[in-house]
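Report on one structure; see the data block that follows.
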Amino acid sequence: MAEMPAAVPVRDEDLPTLEAWTRSPSVSAGAALRARIVLACAAGEGTSQVARHLGISRPTVIAWRERYRAGGLAALADAPRSGRPRTVDEAAILARTLEAPRLPGWG
């Protein structure tokens, strides 16, 4: 039988923040999930058990558990996305939606 990894030690100052993230409607779903992963691992649940319980893959559990171990709360933040930056002009879209519709034959 495979040996279960040791529980993730959660820093005392991080515990209230992690618990708050799991309950807060203003925290992103991703951050809340990461907090649940870390808290479940801290409680001694194994990787497979956490993955089943949260409906995610084992590699996801392993990745976030190890990121927290290496960097604490800061490591749970979203990393900048690769690729071309957004070019959508949200102000122009909003202005366009507030204009009256142009009907054919009316000008």
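The values are calculated or read from the model by the stated rules, or taken from the named source; none is laboratory data. The shown structure was predicted, so the numbers you read here are calculated from the model rather than taken from an experiment. Glycine also receives a Cβ, built like all others from the backbone with ideal geometry; neighbour counts cover every protein chain displayed. For accessibility, only protein heavy atoms count, side chains too; no ligands or nucleic acids. Shrake-Rupley method; radii C 1.70, N 1.55, O 1.52, S 1.80 Å.
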Please name all residue pairs, on different chains or six or more residues apart, with Cβ atoms under 6 Å, provided the first residue is in the stretch 79-107 and is closer than 30 Å to ARG67 by Cβ and the second residue is open to solvent by 100 Å² or more (accessible area, probe 1.4 Å) and among the polar types (S, T, N, Q).
none
I need the full set of residues from the stretch 26-38 which are open to solvent by 40 Å² or more (accessible area, probe 1.4 Å) and modelled with pLDDT of 95 or more, in order please.
LEU33, ARG36
In the stretch 13-50, anything in a helix (DSSP H, G or I) and more than 15 Å from the chain's Cα centre (by Cα) is listed as LEU15, PRO16, ALA40, CYS41, ALA42, THR47, SER48, GLN49, VAL50
Residue check: is ALA42 hydrophobic (A, V, I, L, M, F, W, C) and exposed (fewer than 14 other Cβ atoms within 10 Å of the Cβ)?
no
Residues of the stretch 5-29 satisfying the condition of being under 15 Å from ILE62 (Cβ atoms) and either among the hydroxyl-bearing types (Ser, Thr, Tyr) or free of Cβ contacts under 8 Å to residues at least 40 places away in the same chain (or both)
ALA6, ALA7
Would you confirm, using the coordinates I've provided, whether ASP14 is modelled with pLDDT under 85 and surrounded by 10 or more Cβ atoms within 10 Å (Cβ to Cβ)?
no
Residue by residue through the stretch 53-83, note down the ones that are open to solvent by 70 Å² or more (accessible area, probe 1.4 Å), within 15 Å of ALA42 (Cα to Cα) and under 13 Å from the mean Cα position of the chain (by Cα).
ARG67
If you check ALA32 against the conditions, is it aliphatic (A, V, I, L, M), free of Cβ contacts under 8 Å to residues at least 60 places away in the same chain and farther than 13 Å from ALA7 by Cα?
yes
